[in-house]
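Below: the structure, in structure tokens.
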Amino acid sequence: MNAVRGLRLCLLAAGSLGFAVLFTLAVLDLPPFGGNFHPYGDRAVRASLLRGTPNTVSSVNFDQRSLDTLGEELILVASALGAVVLLRAVRREEEDEPARHHLGPADVFDALRVTGYPLLPVTVLVGVYIVAHGQLSPGGGFQGGVVLGTALHLLYLTGDYPALARIRPVPLFEVGETAAAAVFVVLALAFAGQVIASNVAVGVEVGCAFVLVLAKFFEQALLIRVPA
Amino acid sequence: MLSPVELAIAVPFLAAMVLAGAGRWLPRVVVDAVAMGATLAVTGLLGAVLWEAVRYGTVVVWVGGWRPHGGVSTGIPLVADPFATALALVVAVLTVAALLFSWRYFTEVQAVFHTLMLLFLGAMCAFALTGDLFDAFVFFELMSAVAYVLTGYRADEARSVHGGLNFGVVNSLAAYLSLTGIALLYGRTGELGFAAVGEQIRAAGGPDTGVRVAFALVCTGFLVKAAAVPFHFWLADAHAVAPTPVCVLFSGIMVELGVYAVARTYWTVLGGAEETTARALAVFGGTTMLLGGVMCLLQRHIKRLLAYSTVSHVGLLVTCVALARADALAGGAFYLIGHAGVKGALFVGAGALLNRFETVDEHELRGRGRDMRVTSCLFLLGGLALAGLPPGGMWLGKVLAEHAAPHGWWWLTVLGVLASGLTGGAVLRVWLRVFRGAGRRPAGQAGEREAGETAAPTPRVPWLMLAPGLLLLAGGLLVAVLLSGPEVLRGARTFTTGYAGTVLHGRPSLAHAGRLPELWTASALVKGLAGVTAALAVAALAVWGRRVPPAARARPVWSALHTLHSGHVGDYVAWLLAGIVLFTLLVIV
Amino acid sequence: MAWAAYLVAGWILLAGIYGIVTSRNLVHVVVCLSVAQSATYLLLLSVGFRQGATAPVFSDIRPGRRVVDPVVQAMTLTDVVVGATVTALLLALAVQVAKRRGTVDPDALRTLER
Amino acid sequence: MGEVLLVAAFALTALMATAVVLTRDPVRQAIVLSGYGLSLGVLFVTLQAPDVAMAQLAVGTVMVPLMVMLAVAAIRRHQRKDGP
């Protein structure tokens, strides 16, 4: 066993040394940091302004290189599906009722609990704002979607797991996620350039997908067990 | 209106979203039908695109209409040249076979399995067709993410999730290293399209050290997918535990797409005639052929055995790329299609065993397959085809590759016979033991029991399961007769020449067809028979000749090889890093 | 000195790999993998950086200003999502390995060979 | 001024990345990871990439560390039940 470990560390040492040298060689052939050589970037900025999208990153993501974003959104769907398959209760396992877990994090300070509830609508609003202004200012469907997906789980911070489970009907989120993704497939391939619509579709999809993934992790951490 | 190329990507994704959203309410038969319908539609679409590409030349589609002006664009092209389209078509056909296999029997969680298969199909098609480096990375990741889930699909089996995790860590790291290479290329050239990057490098006077290191990094990501030694460790862990229909796709095409991506990058970015790169690829390809074959023979878990045989065969494909000639690539194409059919059929056979006996341990199964005539047939013919039985695609591919090899590549012939003998022999050994009950009962501990993939053990001849296997086997054996040699060669020439001109400047792409060397010559047939003879000899020795002194003396070597494949993710990553350094050194020095 | 930014990416990549190889906990492995990935964010954004330029958002600056490369930012954004989702998948697999094998130590996991 | 900020942000990021890798206990690692996510966010802002910085802050400082914590909790819960 020790011989194996030794071999592993030797390989690592040799590999790291070699990689460091080779990577440095490659990097020294790059233009210096902060330079002015960005032909593709300059073209993308011009194209974005011609199309009237002030946030050029949004333009690249949802218009010029919409196929990349399509792949990215589908990876998200795949990982939500993956969470459903990989984290399902299998064989001997069974799920507790959510009601048995009234208290989430062992001891929630009262102050935290009091701030948790009002924070929820505020966070949702912020998320919607970020989605809606994606073509103008930094942000967009993805960033807003993550905020929305996390917002729901603020309820857990307040210690109210049953409440969280109630407002998180999994099938509904699945339908929302896949419908939004389907809309985005059509947008990305057939109607590239609909930046606002794309932002909304991606926002819904990302929000739902992250809720689904987190829901599965919460189930594993709190509810699923092997009966004695 | 979307072009057929875009539709071929949109259809599976849309169908997948329908199944993912509505799957929990749909009856099983509808789920099966939707998935099959979408896959057949993709097959038809890609068939039409292939016909167009072969007849009129490469079809280039700029997604969102961002066509190039003056040779530059800000969009992403889909490039349907004959080779890329044919590969996507292989993906679609194998998916049809896999869905047929899982029709009715396969245990399902909502409609997740079918959704994942459709996502996998779309991701592989997009990966084959894209003409953009970063987009290739994205779809590489999509196909990997789906593949991890499919590998761990039977989450109640320890081996499944362990294999899935090893697969996931190694492949993701590889993808990030590829992306590092892509970032370096972007820094150098300021472009992301295969064609645009290549043009910039040519304009700058050809590749220098920095470009070569970046190229090597991009390629190592793809070589990990292609399971070249020493990046191959994940493959057996994943293939041995993935559900049978998934293995058909993994072994038949996903791994080979890695080789395709290396070839695509090699020709578009570096220009395709680099002595150092050829050497690096040849070293890795040759080692892979040999080690894969040896590891294959050492297995008793049948799916793991088939997995290592895939490693060995991919080695030959890598060597075809190393030869850097159109006729070698044409050989690679024949080999790839032949292998996809034969290996798919063998995995179907292994699946039939698993679902009837709940084990695929060769020793446990000894003699128990006597009444399975069809499955037995699959294994016998499959083993012979892997060994290079004429007129199989693998025979023709190997003959063409050897024909294209220059002087000094004598080792390719030797390794070719060895790899054929070892991989074919291992499968024939399984056939002898399991279906003929041959030989003594081998000593050693009992194999591990596995859960079947179906709700109940399947009948003796589950026709719906075996039919795709028979069709695949027939396809793999007859490919040399069914495909037009000159057209394949023309496809290879289109692949190796004029890519940037076609994509960026709309120049016509049809290459001259040219002629393949005469196929049915005595020497070609002798080469095929040499492989088959070697396989028969290996199988006979393995079953009846357990006391052969050389094999016994080499036992420490075998056990060391087993120890090397430790299932330890840290080991795999350490080998990955060392392999990258070696490959890069070979490319730049 | 101008190249130091790129070298930081190399350092982070190697640090992540070091963590994976020497790890005794599969969750730690997955986190180290995500660290290795973050090297690609750094490299991409450094490659697209332009001295003295502003963010590529034109809502409050007038067209014609020098901005940094938006393409690398779009790529990095995609990369961030990919990273998060892959991390989620691998964590799910790690949880199941722990439950089925009863350990998260790679050294204690049985080989899959045989 | 911008130069100094950049150097500081790069140095901080390199330091935090190393710290994440060297923290062997997963729960503590999740916390350090959250800090690393924050330092990446700061770096991205100095690199004039506010879009990426927002995504990184949402994902890297909240989402991923939360998932890590939950995964560790699931593993511990299981091991408590069944013994090692």
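No lab work stands behind these numbers, since they all come straight from the coordinates. Predicted model, so just to flag it, every value in this text is computed and none were measured. Counting neighbours? That spans all protein chains shown, and the Cβs are built from the backbone with ideal geometry, glycine included.
What lysines does B:Lys225 reach when the alpha-carbon gap must be under 19 Å and sequence neighbours fewer than 8 apart in one chain are set aside?
Output for B:Lys225: B:Lys303, B:Lys343.
Calculate how steeply helix D:26-46 sits against the longest principal axis of the alpha-carbon atoms of chain D, using the helix alpha-carbon long axis, and give the answer as 0 to 90 degrees to the nearest 10.
Helix D:26-46 and the main axis of chain D meet at about 20 degrees.
For the stretch B:337-389, state which trypsin sites (Lys or Arg not before Pro) are in a DSSP loop and have at most 13 other beta carbons lying within 10 Å of their beta carbon.
Sites meeting the loop and neighbour criteria: B:Arg370.
Can you compute the FRET efficiency between D:Leu38 and B:Arg555 using 1/(1 + (r/R0)^6), with r the Cβ-Cβ distance and R0 = 51 Å? Round to the nearest 0.05.
0.40
Is the stretch D:2-82 rounded, prolate or oblate when judged by the Cα gyration tensor, a ≥ b ≥ c being the square roots of its eigenvalues, rounded requiring a/c under 1.5 and prolate requiring a/b larger than b/c?
Oblate, because a/c is 1.5 or more while a/b does not exceed b/c.
Please report how far the C-alpha centroid of the stretch B:483-505 lies from that of the stretch B:290-360, rounded to the nearest whole angstrom.
26 Å
From the square roots a ≥ b ≥ c of the eigenvalues of the alpha-carbon gyration tensor of the stretch B:290-342, which class results: rounded (a/c under 1.5), prolate (a/b over b/c), or oblate?
oblate
Compute, for the stretch B:4-588, the length of the dipole vector about the Cα centre, with Cβ point charges of +1 (Lys, Arg) and -1 (Asp, Glu) only. Units Debye, rounded to 20.
Computed charge dipole of the stretch B:4-588: roughly 1720 debye.
For B:Arg373 and B:Trp544 in the same chain, what is the full-extension length gain: residue separation times 0.36 nm, less their Cα-Cα distance, in nm?
Roughly 59.3 nm would be gained on extension.
May I ask for the distance between the Cα centers of the stretch B:206-285 and the stretch B:511-583, given as a whole number of Å?
Rounded to whole Å, the Cα centres lie 18 Å apart.
Note down the magnitude of the dipole of the protein assembly as shown about its Cα centre, charges +1 on Lys and Arg C-beta and -1 on Asp and Glu C-beta and zero elsewhere, to the nearest 20 debye.
With Lys and Arg at +1 and Asp and Glu at -1, about 2700 debye.
Name the most mobile residue of A:Asp63, A:Asp29, A:Asp42, meaning the one with the largest mean-square fluctuation, in a Gaussian network model of chain A with Cα contacts below 10 Å.
A:Asp29
Can you return the aspartates and glutamates within cross-link range of B:Lys527? Criterion is Cα-Cα under 13 Å, with same-chain partners fewer than 8 residues away left out.
Those aspartates and glutamates meeting the cut-off are B:Glu402.
Kindly state, to the nearest 0.05, the FRET efficiency for C:Arg66 paired with D:Leu15, given R0 = 51 Å and r defined as their beta-carbon distance.
0.95
Points 7 angstrom from Cα along the Cβ direction at D:Arg80 and A:Leu7: gap in nanometres?
Taking the simple label geometry, D:Arg80 and A:Leu7 are separated by 4.1 nm.
Along the Cα→Cβ direction, 7 angstrom out, place labels at B:Trp25 and B:Glu108. What is the inter-label distance in nm?
Inter-label distance under the simple model: 1.6 nm.
Give the lysines whose C-alpha is closer than 22 Å to that of A:Lys216, dropping any in the same chain fewer than 8 places away, or say none.
Within the straight-line limit of under 22 Å, A:Lys216 reaches these lysines: C:Lys99, D:Lys81.
Kindly provide the helix-only [θ] at 222 nm of the protein assembly as shown, computed as the sum of -39,500 (n - 2.57) over DSSP H runs of four or more divided by all residues, to the nearest 500 deg cm²/dmol?
When only DSSP H runs of four or more count, the value is -23500 deg cm²/dmol.
Just need the relative contact order of chain A here, percent rounded to a whole number, with Cα pairs under 8 Å and 6+ apart.
28 percent
Give the calculated FRET efficiency between D:Leu22 and B:Ala451 to the nearest 0.05, with a Förster radius of 25 Å applied to their Cβ-Cβ distance.
Computed FRET efficiency for D:Leu22 and B:Ala451: 0.05.
Considering Cα pairs under 8 angstrom that are at least six residues apart, work out the relative contact order of the stretch D:2-82 and quote it in whole percent.
31 percent
Would you please classify the overall shape of chain A from the alpha carbon gyration tensor, given that a ≥ b ≥ c denote the square roots of the eigenvalues, rounded means a/c under 1.5, and beyond that prolate means a/b larger than b/c while oblate covers the rest?
In terms of gyration-tensor shape, oblate.
Arranged by the count of other C-beta atoms within 10 angstrom, fewest first, what order do B:Thr502, B:Thr209, B:Thr95 take?
B:Thr209, B:Thr502, B:Thr95
To the nearest Å, what is the center-to-center distance of the stretch B:14-33 and the stretch C:67-111, using C-alpha atoms only?
28 Å
Sequence gap at least 6, Cα distance under 8 Å: using those rules, report the relative contact order of chain B to the nearest whole percent.
Relative contact order comes out at 17 percent.
Just want the answer: with Cβ charges of +1 for Lys and Arg and -1 for Asp and Glu, which residue in B:Thr180, B:Val348, B:Phe194 is farthest toward the dipole's positive end in chain B?
Projecting each Cα onto the dipole axis, the largest value belongs to B:Val348.
Determine the dipole magnitude for chain A: charges of +1 sit on the beta-carbon of Lys and Arg, -1 on that of Asp and Glu, nothing else is charged, the reference point is the Cα centre, and the result goes in debye to the nearest 20.
In total the dipole reaches around 340 debye.
Once the dipole of the protein assembly as shown is set up with Lys and Arg at +1 and Asp and Glu at -1 on Cβ about the Cα centre, which of C:His28, A:Leu76, A:Phe173 lies farthest towards its positive end?
Most positive-ward Cα: C:His28.
Angle, helix B:302-323 long axis vs. longest principal axis of chain B, Cα atoms, 0 to 90°, nearest 10?
For B:302-323 against chain B, the angle is about 30 degrees.
To the nearest 10 degrees, how steeply does helix B:485-496 sit against the main Cα axis of chain B, on a 0 to 90 scale?
The angle comes out near 50 degrees.
Could you tell me which residue out of B:His339, B:Phe495, B:Leu418 lies farthest along the dipole of the protein assembly as shown toward its positive end? Charges go on the beta carbon: Lys and Arg +1, Asp and Glu -1, centred on the Cα centre.
B:Leu418
As a footprinting exposure proxy, order B:Tyr260, C:Tyr41, B:Tyr56 by other Cβ within 10 Å, with the fewest listed first.
Least to most surrounded, the residues fall as B:Tyr56, B:Tyr260, C:Tyr41.
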